[in-house]
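Accompanying notes for the structure given below.
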Amino acid sequence: MVPTGRHLFSFTNSSIIPGKKAGRHSRPYMAFLKIGTESCGGFLIQEDVVVTAAHCNCNLGNIFVYLGVQDFMEPGQNWQLIRARRWVQHPDFNNENFDNDIMLLKLWDSAELTEWVVPIPLPEANHHVSPGTECSVAGWGQTGVNTTTNRLLEVEQEVVSDGLCKDQYQHYNPTTMLCAGSPHVKKSPFRGDSGGPLVCDGVVQGIVSNGNPDGRPPSIYTRISKFIPWINETLQKLS
């Protein structure tokens, strides 16, 4: 049976399964978002702008953005905590099927760029990522249904054909979504990873969006290259 919208699972308050520890300052673009009692991932694209998923509900109160964090059990001088001043959700975001699942956060202060905090490059507009491309995703949170971690974990994700996601998710839109995670390899984002980046060859190509409730791959990512014009237009408005 093809899952309907009622069976979708966003990865808010969730994590990488089964992940390995990310190397020290190997992912300096990663951001951890605390939104009321919820949390999401995100990534820095310029000193004062973070990208995340639109379904990370930003109407729950103040948004605090942590940068430079490797392990929440090991506070360090590399940490930076900055409040978000404004956030712009894509105007066509659909909360039922997660289409156009992208949002920009404008920070109150610019981050100090260090070896621990560095923006990640965006792709060219409408760039196509071919199936078979090896990518990776990282995040903090659950590593299984009842297990959690405070450390940044990462896992490899292979871009797979749109057909695999179309077969599992009737809402899948190949124009705005990207399908990744081989069903033969039980590795994927899971519950807190929402909003985190899918990185391919050092460039962010996707945003963790939604997938199966039990974390089985493939998972659905927002296809960032589709939104480059909107990102550039929004950055001008936020400047």
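The mean sequence separation of alpha-carbon pairs under 8 Å and at least six residues apart, normalised by the residue count of the stretch 167-239, gives a relative contact order of 33 percent. Rounded to the nearest 20 debye, the dipole magnitude of the stretch 30-112 is 280 debye, with +1 charges on Lys and Arg beta carbons, -1 on Asp and Glu beta carbons, and the Cα centre as origin.
So how much slack lies between Ile228 and Asp201, counting 0.36 nm per residue of separation and subtracting their Cα-Cα distance, in nm? Before the final figure, lay out each step's value.
On the way: separation 27, 0.36 × 27 = 9.72 nm, distance 1.80 nm.
Working it through step by step, the gained length comes to 7.9 nm.
Would you tally the net charge around Val203, using a Cβ to Cβ cut-off of less than 15 Å, leaving Val203 out, and scoring K and R as +1, D and E as -1?
Numbers: positive: Arg27, Arg223, Lys226; negative: Glu124, Glu134, Asp201.
Result for the local shell: 0.
Using R₀ = 25 Å, calculate the FRET efficiency as 1/(1 + (r/R₀)^6) where r is the Cβ-Cβ separation of Asp214 and Val118; round to 0.05. That gives a FRET efficiency of 0.15.
Each other residue within a Cβ distance under 12 Å of Lys237 adds +1 if Lys or Arg and -1 if Asp or Glu, for a net charge of +1. Here the scattering of the stretch 43-136 is modelled by Debye summation over its C-alpha atoms, one equal scatterer each and no solvent; at q = 0.14, 0.17, 0.19 Å⁻¹ the log10 of I(q)/I(0) is -0.65, -0.91, -1.05. A simple count of charges around Ile82, restricted to other residues whose Cβ falls under 12 Å of its Cβ and scoring Lys, Arg +1 and Asp, Glu -1, yields 0.
Each value in this text was obtained by applying a stated rule to the coordinates, not by laboratory testing. Fair warning: this is a prediction, and the values are worked out from it, not measured in the lab. Glycine also receives a Cβ, built like all others from the backbone with ideal geometry; neighbour counts cover every protein chain displayed.
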